[in-house]
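The values are calculated or read from the model by the stated rules, or taken from the named source; none is laboratory data. Small disclaimer: the values here were computed from a predicted structure and weren't measured. Note that each Cβ is placed from the backbone with ideal geometry, even for glycine, and that neighbours are counted across all protein chains shown. The accessibility values were calculated without ligands, DNA or RNA, using every heavy atom of the protein model including side chains. Shrake-Rupley method; radii C 1.70, N 1.55, O 1.52, S 1.80 Å.
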Amino acid sequence: MAASVAKNAPSSAAGALLRVGVLGARGKVGSEVVKAVSGADDLELSAEVDHGDPISTLTETDTQVVVDFTHPDVVMDNLRFCIDNRIHAVVGTTGFDESRLETLRGLLAEAPGVGVLIAPNFSIGAILMMRFSAIAAPFFESVEVVELHHPTKADAPSGTARRTAEMIAAARRAAGCPPIPDATSTGLDGARGADVEGIRVHGLRIRGLVAHQEVVLGGLGETLTIRHDSLDRASFTPGVLSGVRRIAGFPGLTVGLESFLDLD
Ligand SMILES: NC(=O)C1=CN([C@@H]2O[C@H](COP(=O)(O)OP(=O)(O)OC[C@H]3O[C@@H](n4cnc5c(N)ncnc54)[C@H](OP(=O)(O)O)[C@@H]3O)[C@@H](O)[C@H]2O)C=CC1
Ligand SMILES: O=C(O)C1=N[C@H](C(=O)O)C[C@H](O)C1
């Protein structure tokens with residue numbers, strides 16, 4: 001391990017700038033984060049690391065907080081490095097299931113004071129769309145999630161869709177809702193989408209799109225559609241910067257940027 005104490009006091013408190021490194025710095029979202037960090041008065045861009053660059057740049061540059069927008073296949077190794085080196089991490093990369101989260105909790109237990117935020121979506125509109133969907137879900141018989149993204153997206157369903165479905169399922173369980181009606185007994189595999197805790201999730205990959213989601217709810221003689229559109233990847237950066245500024249105050253694992261917001 002390169003350091004024995006967490007670098008968990010935002011140095012801006014002492015007048016210095018908080019040193020922020022970006023993993024996936026040349027990617028579609030990472031490059032927007034680089035611009036946003038560079039433009040923030042209280043932050044200093046300490047490292048830009050992309051595929052093929054040495055991750056040790058982070059420790060060599062005394063990076064205090066890392067932002068990761070890379071790929072589901074590499075993010076766990078990146079986080080192992082950060083936690084071992086007592087660097088806080090704000091993670092947008094998707095692909096986190098319960099087993100990955102459990103692994104992170106184990107690693108963080110060995111690194112007191114280090115904070116890791118995993119947020120399936122950093123845009124405020126998407127966070128509210130998820131929250132509104134969970135609030136509405138127990139009031140309707142039917143609910144399904146449709147996510148729509150650019151065709152270069154690595155994973156399906158999107159992390160946002162998976163999390164939305166989990167939140168909806170939890171809200172319906174808590175309210176004692178019966179299973180969603182669906183009489184389908186024949187057809188082609190996949191035609192009804194993926195099943196996330198009893199909630200159907202459908203994925204579209206369409207050239208020209210960025211990141212979009214609809215949650216369609218239905219009851220007796222009515223439907224409600226809750227839709228969010230990220231039209232530009234800049235939509236993710238205010239949430240990322242909030243995470244960067246606050247992560248040191250949240251040691252351990254946090255899932256969802258909403259934990260940092262006052263939504264209740
Ligand atoms: N939470 C949120 O709000 C959002 C999350 N995302 C998620 O973020 C991730 C990235 O998305 P996006 O920017 O569109 O993808 P991109 O493919 O455009 O960017 C990923 C970048 O990471 C690079 N990379 C790959 N491996 C490593 C590594 N080991 N170390 C450093 N860099 C590496 C890639 O290089 P190369 O291409 O050469 O492999 C690429 O430049 C996805 O999981 C996506 O779902 C996206 C938008 C918002
Ligand atoms: O890959 C993307 O583009 C996005 N990924 C995240 C996800 O999988 O939910 C967030 C947003 O949908 C954009």
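Suppose we keep only residues that are in contact (Cβ under 8 Å) with a residue 12 or more places away in the chain and β-branched (Val, Ile, Thr) within segment 153-186. Which one would you say is most open to solvent (accessible area, probe 1.4 Å)? Restricting to residues being in contact (Cβ under 8 Å) with a residue 12 or more places away in the chain and β-branched (Val, Ile, Thr), the top hit is Ile180.
Which one is nearest to Ala119 (Cα to Cα) among residues in segment 192-205 that are away from ligand 2 (no atom under 15 Å from the Cβ) and open to solvent by 50 Å² or more (accessible area, probe 1.4 Å)? Ranking the qualifying residues of segment 192-205, first place goes to Glu197.
State which residue is least open to solvent (accessible area, probe 1.4 Å) when the search covers only segment 233-264 and only residues that are assigned to a loop (DSSP other than H, G, I, E, B) and not hydrophobic (A, V, I, L, M, F, W, C). Residue satisfying both the conditions and the ranking: Gly256.
When Ala211 is tested against (1) free of Cβ contacts under 8 Å to residues at least 24 places away in the same chain; (2) within 16 Å of the chain's Cα centre (by Cα), just one condition goes unmet, and that condition is (1).
Checking each residue in segment 181-232 for being part of a strand (DSSP E or B), of a type in the set (Asp, Glu) and away from ligand 1 (no atom under 16 Å from the Cβ) picks out Asp195, Glu214, Glu222. Note on segment 8-115: enclosed strands (runs of 3 or more DSSP E) holding 1 or more residues that are farther than 16 Å from Ile247 by Cβ are 43-49. The residue that is farthest from ligand 1 (Cβ to nearest atom), counting only those in segment 233-246 that are touching a Phe, Trp or Tyr at 6+ places or on another chain (Cβ under 9 Å) and of a type in the set (Val, Ile, Thr), is Thr237. Scanning segment 168-191 turns up no residue that is within 16 Å of ligand 2 (Cβ to nearest atom) and touching a Lys or Arg at 6+ places or on another chain (Cβ under 8 Å).
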